[in-house]
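Quick note: the coordinates plus some simple rules give every number you see, no bench work behind them. The model shown is predicted, which means the values in this text are computed figures rather than measured ones. Please note: Cβ atoms are built from the backbone with ideal geometry, for glycine as well, and neighbour counts cover all protein chains shown.
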Amino acid sequence: MSLSLKDFEAAEGRLHGIIHNTELSLSSTFSKMAGGEIYLKCENQQKTGSFKIRGAANKIACLMSRGERKRIYASSAGNHAQGVAFAATSNGYASTIVMPETAPLAKIQATEGYGATVVLHGDGYDSAQSEAQRLCREDDGIFLHAFNDLEVIAGQGTVALEILRALPTVDTIVVPVGGGGFISGISCCAKLINPRVKIIGVQAAEVNPIARSFKEKKLVTADRNSTIADGIAVKCPGDISMEFIWQYCDDIVTVSDNEISAAMLLLMERSKQIVEPAGAASLAAVLSKKIDANKSRTVCVLSGGNIDVGFIPKIIEQGLVSRHRRLKFSTTVSDTPGTLMRVLQIVAENGANILSIGHDRHCPDILPSEIMLHIACEVGGKSHAEKLIASLCNYGYVINLE
């Protein structure tokens, strides 16, 4: 199994007029933070909101050229679903997409809006895929895999053509990794053009089968799919995509949900970009120093921007906590008049702003004469938070961070 540079160039030709050649922008803010030149490849601004349209549209164009006309089936946590739905409907194909029951409502509605029939099944990508394949067999349809397909991989790899055309001197390309199709295409295409370019993938630490497979040199599956980065929460990597990753990738690293949240918040504040958790994983890896970007030209691919707006406040909250701008803690005090006021006075004297206070008289870990206080406050950074905690401890309070 292999792809040539002509395969990627042919895919680019098929996609002409269908997709956007998305912006590659130098970020002075992130460059200062990383110590090198950090560029953002903004696939969050791609048609349908992610890179997935590239692989789906290329695959469907290939099906059309071969005269294959059946209902298309696919499974997806959201972005592949929208890419397939858009490409299928645009070319006169009927499509059925099976999405996890936990898929964001915004992605479900968008997929239906592009003309697909949506079926909700299971708690993650892998169970949705099994159901989609079952429905496809019953209907004698065409299953369009999200990542384990050479024509899909060729479409995804057109991102590398755009990057290297805009920035021929790039040193490293950092790519979010779920099932592996995106990084397979980018790594293969980039290495065929310039073998010295490093390709580094990023997975969520909570769901990291490709990172483990890469290091162990064998196919490894994950036993859970719980992460805020639902777009890359794939338990079972593709055997085709893993062959590309083993051959062309230089490393696969992982980032925590907190690191992803912090990167998303920075993208909102500094770059005015709305990026979904999976899409922000590449920048999270660079800013958390999982990847050394010092004195080099690094492209972080922001793979998608499809996020449920109702989820954004939670991400902001988590990002503020992880960047030490919001401190949440609990402490036990005696249930007598004036005890709460003494705690609040210490917080005020240290220049922190109280956001919320909760009282718990029924906590099983406290005495009947005590209450548990849960306090959230705004602080000015890590040192400010540490100073406040130290001050509370000096007055005898036992502080538990939340």
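Points worth noting:
- Taking Cα atoms only, the orientation of helix 52-65 departs from the longest principal axis of the chain by about 20 degrees.
- Equivalent-ellipsoid semi-axes of the stretch 242-312, from the Cα gyration tensor, Å, largest first: 23, 15, 11
- The calculated 222 nm mean residue ellipticity attributable to helices in the chain amounts to -13500 deg cm²/dmol, summing -39500 (n - 2.57) over DSSP H runs of n ≥ 4 and dividing by all residues.
- For the stretch 105-203, the C-alpha radius of gyration sits at 1.33 times the compact-globule guess of 2.2 N^0.38 Å, with N the residue count.
- Magnitude of the charge dipole for the chain, about its Cα centre and with charges confined to Cβ atoms of Lys, Arg (+1) and Asp, Glu (-1), is about 1000 debye.
- The convex hull built on the alpha-carbon positions of the stretch 255-356 has an orientation-averaged projected area of 9.0 nm².
- Set against the 2.2 N^0.38 Å expectation for a compact globular protein, the chain has a Cα radius of gyration ratio of 1.10.
- Given their separation in residues at 0.36 nm each and the Cα-Cα distance between them, ASP171 and THR117 gain 15.2 nm when the chain is fully extended.
- Between 0 and 90 degrees, the angle of helix 312-322 with respect to the longest Cα principal axis of the chain falls at about 60 degrees.
- Rounded to the nearest 20 debye, the dipole magnitude of the stretch 282-402 is 720 debye, with +1 charges on Lys and Arg beta carbons, -1 on Asp and Glu beta carbons, and the Cα centre as origin.
- Over all pairs of different C-alpha atoms in the stretch 324-401, the reciprocal of the mean inverse distance, the Kirkwood hydrodynamic radius, equals 12.6 Å.
- Rounded tilt (10° steps) of 239-248 against the dominant C-alpha axis of the chain: 80
- Given charges at beta-carbon only (K, R positive; D, E negative), |dipole| of the stretch 41-146 in Debye: 500
- Comparing Cα centroids, the stretch 15-76 and the stretch 176-200 end up 14 angstrom apart.
- Cα-based Rg of the stretch 52-146 normalised by 2.2 N^0.38 Å, two decimals: 0.95
- Ranking LEU135, THR22, SER261 by how far each Cα lies toward the positive end of the dipole of the chain (charges on Cβ) leaves THR22 at the top.
- Based on alpha carbons, the Rg and Dmax found for the stretch 19-62 are 14.0, 44 Å.
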